[in-house]
Amino acid sequence: MANTPCHIIAGPLGVGKTTAILDYLRQHAASQRVGVLVNDFGPVGLDSTTLQAEAPGTKVLNVPGGCICCTMLSELPGCINRLLAEQDLDRLIIEPSGMASPAQVIDLLRDAQLQVKINLQPAVVMLNMVDFDEETYERMGYYQMFCEAADILVFNRCDQATEPKIERARQWAAKL
């Protein structure tokens, strides 16, 4: 049996990761068995609850109470194995908390790919076009950690930004 494709959808708090995953699930639920591992930073699993309610056929596992890149990192392979054992999945999506360092999660998954029987796919990092400011993104380590981990960078909420701002973001992203 082939390893399960595993996608990481990361980005800052409130950027729209859960909404993007929901959109994917709505489009592919009839043709794919998808599992989603969600890391809600707080004690209440809002994102996982939303995903389970909106996509009831999807297997959702919440890793609550801590950041998946540090305090919960050692539990990640076991969580993935539990999800894969419960259901024969066509695809696994991991949504780290908006506080998590995607690079740490990616490094762990690269090291554990055989142990957890996944095939790590390019990491998708989402950023909010409305909040985009090249000086802030270059100066703040919080944004840098996301951009450095991205294989694919997606700007969300472009419909709420001006064309000049979108063009500045394109030029900025091209330099990364």
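The values are calculated or read from the model by the stated rules, or taken from the named source; none is laboratory data. These numbers were taken from a predicted model, which means no experiment stands behind them. Because the Cβ atoms are built from the backbone with ideal geometry, glycine has one as well, and the counts that use them run over all protein chains shown. Heavy atoms of the whole protein, side chains included, go into the accessibility calculation; ligands, DNA and RNA do not. Shrake-Rupley method; radii C 1.70, N 1.55, O 1.52, S 1.80 Å.
Before moving on, here are some points about what is shown:
- Considering residues of the stretch 81-117 that are closer than 20 Å to Ala29 by Cα and of a type in the set (A, V, I, L, M) only, the residue surrounded by the most Cβ atoms within 10 Å (Cβ to Cβ): Ile94
- Unique match (being of a type in the set (D, E, K, R) and under 17 Å from the mean Cα position of the chain (by Cα)) among Asp131, Asp151: Asp151
- For the stretch 49-66, the criterion of being buried (at least 20 other Cβ atoms within 10 Å of the Cβ), assigned to a loop (DSSP other than H, G, I, E, B), touching an Asp or Glu at 6+ places or on another chain (Cβ under 8 Å) and at pLDDT below 85 is met by at least one residue.
- Comparison of Pro77, Pro96 shows that the only residue that is within 24 Å of Leu22 (Cα to Cα), modelled with pLDDT of 85 or more and within 17 Å of the chain's Cα centre (by Cα) is Pro96.
- Here Arg168 meets the list (1) in contact with a strand residue (DSSP E or B) (Cβ under 9 Å, 6 or more places away or on another chain); (2) surrounded by fewer than 20 Cβ atoms within 10 Å (Cβ to Cβ) almost entirely, failing just condition (1).
- Subset of the stretch 131-162 (residues that are among the β-branched types (Val, Ile, Thr) and more than 15 Å from Ala173 (Cα to Cα)): Thr162
- Residues that are in a helix (DSSP H, G or I), open to solvent by less than 60 Å² (accessible area, probe 1.4 Å) and in contact (Cβ under 8 Å) with a residue 60 or more places away in the chain within the stretch 130-158 comprise Tyr143, Phe146, Ala149, listed in sequence order.
- Single residue of the stretch 118-128 satisfying the filter (farther than 15 Å from Ala173 by Cα and crowded, with 18+ Cβ neighbours inside 10 Å) that is nearest to the chain's Cα centre (by Cα): Ala123
- Residue check for Met1: at pLDDT below 90, surrounded by fewer than 17 Cβ atoms within 10 Å (Cβ to Cβ) and closer than 18 Å to Leu127 by Cα: no
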